[in-house]
């Protein structure tokens, strides 16, 4: 399964960029974001997302 991970702006909460990754990569990305206090929004990727 693939997930879209959106990095959120600290002030507005709006997405500033995104990436699509496989399920195995999600935990590492979340751990790194938590270390620096980065806000993420994670959702299943559309079949057309790349």
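Each value in this text was obtained by applying a stated rule to the coordinates, not by laboratory testing. In this text, all values refer to a predicted model and were calculated from it rather than measured experimentally.
Things to note:
- Helical contribution to [θ] at 222 nm, DSSP H n ≥ 4, -39,500 (n - 2.57), averaged over the chain, rounded to 500: -9000 deg cm²/dmol
- Averaging the sequence gap over all C-alpha pairs within less than 8 Å and six or more residues apart, then dividing by the number of residues, gives the chain a relative contact order of 47 percent.
- Per-residue extension of 0.36 nm, minus the Cα-Cα distance of residue 38 and residue 10, leaves a gain of 9.3 nm for this segment.
- The angle between the Cα long axis of helix 23-36 and the main principal axis of the chain comes to about 10°, on a 0 to 90 degree scale.
- Considering segment 2-44, its Cα convex hull presents a mean projected area of 2.7 nm².
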